[in-house]
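Visitor: Just dropping this structure here.
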Amino acid sequence: MTPATKGLYLGLLSQILFSVLYLFSLWMAPLSGTDVFALRMLVMLAGVLAILLSSVGLYRVVRFFQQKLGRDPKQWAYMLVGTAIVASQFWLFMWAPVNGEGVNVAMGYFLFPLMMVLLGNVWFKERLAPLQWLAVALACAGVTHELWRNGTFSWVTVWVFGSYPLYYLMRRAQGVPALTGLFFDLLLIAPLALLYLLWQADSLALIAGQPWLIGFIVLLGLNSALAMQLNLQASQMLPFSLFGMLSYLEPILLFALSLILLNEQTPQGAFISYGLIWLGLALMVWHGMRRGGKRLFNFKQNSLNNQ
């Protein structure tokens, strides 16, 4: 098995594991989505710390912040804004499935890569191919149709595709490594999550009264850490374009889980809006396949030659 093929399998598995996290709020009832979010932040911090200690080491993380950010208040402000954004996204991901917003979160993730392409053009002056412009136009048409049909657009969807891309673009502009940035975020979020759990006596009482929940908390931590580890490994084994396309799998799985397991209903008229967005996403995937196919072939050939 070539490194590229192994990376593809690892990437697919990581996307499946990320999607499974969507169901933990359902499985861990009667805990609320916010309770599960707080628990996830604590176990994720432990998982990321373990990954850091076994890979880059804490010394390099501290050194990065000393050299990159130093005492620049503007850079630290950008970091804190990013942490606030990602904290809200982590919370929404665990809150939405048990509050009837699973489909809306999935739609936000469908629009996410399209918004990333558009912001990349505006922020980093990246040139877009005609297919990419058409994809963005179709997504905009889908959003416009939904506004015309319903008079509004889900705040959940808007928050996902409106704010999450800013987090990635800000961190990219600052040159913050993914794992280092995530550790920084969790280091700030986890204490607040712990305070929330301590103040919410009902949550701790529920866990104490139903010990089986502890098993799910352990699984929550293992799932989060394993998904992150596999995703990082895949990112090192695959061409960047192909790795990016794997991220399109998660919203498909989230949408299917929302309809099948969470029993959410989607208004019939909304499928016109969704269809335009999905068509735009399909064009993005097609564009990526056209550009990434030759790269993957060359990547595999180089891997075989180096064995």
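The values are calculated or read from the model by the stated rules, or taken from the named source; none is laboratory data. Keep in mind it's a predicted model, so treat the numbers as computed, not measured. Counting neighbours? That spans all protein chains shown, and the Cβs are built from the backbone with ideal geometry, glycine included. When the accessible area is computed, the model is the full protein with side chains, heavy atoms only, and any ligands, DNA or RNA have been set aside. Shrake-Rupley method; radii C 1.70, N 1.55, O 1.52, S 1.80 Å.
Visitor: Where the second residue is not in a helix (DSSP H, G or I) and not acidic (Asp, Glu) and the first is under 19 Å from residue 100 (Cα atoms) and lies in region 1-24, which pairs have Cβ atoms under 7 Å and are six or more apart or on separate chains?
Guide: Between residues of region 1-24 that are under 19 Å from residue 100 (Cα atoms) and residues that are not in a helix (DSSP H, G or I) and not acidic (Asp, Glu), the close pairs are 23/261.
Visitor: Could you please tell me which pairs satisfy a Cβ distance under 6 Å, a separation of 6+ or placement on different chains, a first residue in region 180-198 that is in contact (Cβ under 8 Å) with a residue 40 or more places away in the chain, and a second residue that is open to solvent by less than 70 Å² (accessible area, probe 1.4 Å) and small (Gly, Ala, Ser)?
Guide: 189/87; 193/38; 196/38; 197/38; 197/203
Visitor: Also: Restrict the check to region 39-59 and report whether at least one residue is out of contact with any helix residue (DSSP H, G or I) (no Cβ under 9 Å at 6 or more places or on another chain), closer than 18 Å to residue 178 by Cα and outside any helix (DSSP H, G or I).
Guide: Within region 39-59, one or more residues are out of contact with any helix residue (DSSP H, G or I) (no Cβ under 9 Å at 6 or more places or on another chain), closer than 18 Å to residue 178 by Cα and outside any helix (DSSP H, G or I).
Visitor: With the requirement that a residue be touching a Ser or Thr at 6+ places or on another chain (Cβ under 9 Å) and of a type in the set (Phe, Trp, Tyr), what does region 19-65 give you?
Guide: Listed by number, the residues that qualify are 22, 37, 64, 65.
Visitor: Follow-up question, since we're still on this one. Within region 226-240, can you find the residues that are open to solvent by 30 Å² or more (accessible area, probe 1.4 Å) and either at pLDDT below 85 or closer than 22 Å to residue 288 by Cα (or both)? Full working, then the answer.
Guide: Taking region 226-240 and keeping what is open to solvent by 30 Å² or more (accessible area, probe 1.4 Å), we get 226, 229, 231-233, 235-237, 240.
Selection gives 229, 231, 232, 233, 235, 236, 237, 240.
Visitor: Still on this structure: Would you check if there is a residue in region 265-272 being touching a Pro at 6+ places or on another chain (Cβ under 9 Å) and either at pLDDT 80 or above or open to solvent by 100 Å² or more (accessible area, probe 1.4 Å) (or both)?
Guide: Narrowing region 265-272 to residues touching a Pro at 6+ places or on another chain (Cβ under 9 Å): none.
No; the residues of region 265-272 include none that is touching a Pro at 6+ places or on another chain (Cβ under 9 Å) and either at pLDDT 80 or above or open to solvent by 100 Å² or more (accessible area, probe 1.4 Å) (or both).
Residue by residue, here is whether (1) assigned to a helix (DSSP H, G or I); (2) of a type in the set (Gly, Ala, Ser); (3) open to solvent by less than 50 Å² (accessible area, probe 1.4 Å) holds:
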{"position": "161", "(1), (2), (3)": "yes, no, yes"}
{"position": "181", "(1), (2), (3)": "yes, yes, yes"}
{"position": "198", "(1), (2), (3)": "yes, no, no"}
{"position": "206", "(1), (2), (3)": "yes, no, no"}
{"position": "215", "(1), (2), (3)": "yes, yes, yes"}
{"position": "219", "(1), (2), (3)": "yes, no, no"}
{"position": "224", "(1), (2), (3)": "yes, yes, yes"}
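Visitor: Please find, among 115, 107, 79, 94, the residue that is open to solvent by 40 Å² or more (accessible area, probe 1.4 Å) and assigned to a helix (DSSP H, G or I).
Guide: On the way: 107 fails: open to solvent by 40 Å² or more (accessible area, probe 1.4 Å); 79 fails: open to solvent by 40 Å² or more (accessible area, probe 1.4 Å); 94 fails: open to solvent by 40 Å² or more (accessible area, probe 1.4 Å).
Exactly one of 115, 107, 79, 94 is open to solvent by 40 Å² or more (accessible area, probe 1.4 Å) and assigned to a helix (DSSP H, G or I), namely 115.
Visitor: What about residue 257, is it open to solvent by 60 Å² or more (accessible area, probe 1.4 Å) and either touching an Asp or Glu at 6+ places or on another chain (Cβ under 8 Å) or part of a helix (DSSP H, G or I) (or both)?
Guide: Numbers: open to solvent by 60 Å² or more (accessible area, probe 1.4 Å): no; either touching an Asp or Glu at 6+ places or on another chain (Cβ under 8 Å) or part of a helix (DSSP H, G or I) (or both): yes.
No: the conditions fail for residue 257.
Visitor: Let me ask something else. Just the residues that are more than 16 Å from residue 194 (Cβ to Cβ), modelled with pLDDT of 90 or more and open to solvent by less than 20 Å² (accessible area, probe 1.4 Å), please, taken from region 26-53.
Guide: Listed by number, the residues that qualify are 28, 33.
Visitor: Continuing with the same structure: Of the conditions (1) at pLDDT 90 or above; (2) crowded, with 19+ Cβ neighbours inside 10 Å, residue 23 fails just one. Which one is it?
Guide: (2)
Visitor: If residue 262 satisfies all but one of (1) part of a helix (DSSP H, G or I); (2) open to solvent by 20 Å² or more (accessible area, probe 1.4 Å), what's the number of the condition it fails?
Guide: Only one criterion in (1) part of a helix (DSSP H, G or I); (2) open to solvent by 20 Å² or more (accessible area, probe 1.4 Å) is unmet by residue 262, namely (1).
Visitor: Could you figure out which of (1) modelled with pLDDT under 90; (2) open to solvent by less than 80 Å² (accessible area, probe 1.4 Å); (3) more than 28 Å from residue 286 (Cα to Cα); (4) assigned to a helix (DSSP H, G or I) isn't true of residue 148?
Guide: Going through the list (1) modelled with pLDDT under 90; (2) open to solvent by less than 80 Å² (accessible area, probe 1.4 Å); (3) more than 28 Å from residue 286 (Cα to Cα); (4) assigned to a helix (DSSP H, G or I), residue 148 breaks only (2).
Visitor: Taking only region 62-75 into account, find how many residues are open to solvent by less than 80 Å² (accessible area, probe 1.4 Å) and either small (Gly, Ala, Ser) or in contact with a helix residue (DSSP H, G or I) (Cβ under 9 Å, 6 or more places away or on another chain) (or both).
Guide: Looking only at that region, the number is 5.
So that you can scan it fast, the table gives a plain yes or no per residue for (1) within 19 Å of the chain's Cα centre (by Cα); (2) within 17 Å of residue 274 (Cα to Cα):
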residue: 126; (1), (2): no, no
residue: 139; (1), (2): no, yes
residue: 143; (1), (2): no, yes
residue: 151; (1), (2): no, yes
residue: 182; (1), (2): yes, no
residue: 185; (1), (2): yes, no
residue: 195; (1), (2): no, no
residue: 202; (1), (2): no, no
